[in-house]
């Protein structure tokens, strides 16, 4: 059934352009650069260890999106990094996403190309340039894959439901034939919003691990609380909630230029022993009990703009070698083209 769905989806992308060649084109394009530079100092909790510090360029992203016609649009994000990692599709390793969308009508659309794997949760959904500390799952998951999706959006724009098929995040070579099947719901109930998903992820041919991810956000004009709950379980696993993550954060906008925030999270995997010969969860390994927390401030010096951001943060975790990590830096966006 799923193999047929994939074949039909790609046939649609091949033959749909023929049906719309007669449409008038509406060319629009938006191009910008997004970058961040930080100074980080990690102070150990043990006197025998030295403080580690450096100045680093964290990100340099190119973002391009626009409309080809009234029906076709595209989106592209490229990280400008030198990726020498061997393996499958390493040419595209620094391409976060590059996909084409066809708008069937005011409610339905289909997309194909390299996409974000549709997993729920607000930490997972956030742009990496906006995160300063994170969970073990977020740090390890391979979240960009080639595939296709179908999305239904309600007429009021408050809810969307998408079904997506991509290569599995565990794919390591061409023609491996393992896939990821994702059902995701973005909901908006005014002060309460959701990013919920159910995911069936093939880690080996005909062997699956399943995700239930529930991202919840409560917000007012100045205050927001996020809470992500995620359970991971293999088909042969004996019990639920043995491999899970909990992540959350609080954010307060103290005016138009200043924001105060705090985040914490916990990953645990007791579903298998660390010495097991066949591992189900390769992103949060058996035996993991990882806790992190941190807080910080963001300052936006340009009036009525978020294009320049200065931040300062502190974080720590229960890693075997523990540090207090302090980070200060600046992020800015350069809007090159908007026409």
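The figures follow:
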item	result
Residues of the stretch 113-125 satisfying the condition of being buried (at least 19 other Cβ atoms within 10 Å of the Cβ) and farther than 24 Å from residue 332 by Cα	114, 115, 117, 118, 119, 120, 121
The stretch 230-260, subset in a strand (DSSP E or B) and free of Cβ contacts under 8 Å to residues at least 24 places away in the same chain, residue surrounded by the most Cβ atoms within 10 Å (Cβ to Cβ)	248
Of all residues making up the stretch 126-151, the number that are within 9 Å of the chain's Cα centre (by Cα), assigned to a helix (DSSP H, G or I) and surrounded by fewer than 17 Cβ atoms within 10 Å (Cβ to Cβ)	1
Checklist (1) within 25 Å of residue 246 (Cβ to Cβ); (2) surrounded by fewer than 14 Cβ atoms within 10 Å (Cβ to Cβ) applied to residue 294, failing item	(2)
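The numbers here are math on the coordinates, done by the rules we state, and not lab data. Model, not experiment: these values are computed from the prediction. Don't worry about glycine lacking a Cβ; one is built from the backbone with ideal geometry, like all the others, and counts go over all protein chains shown.
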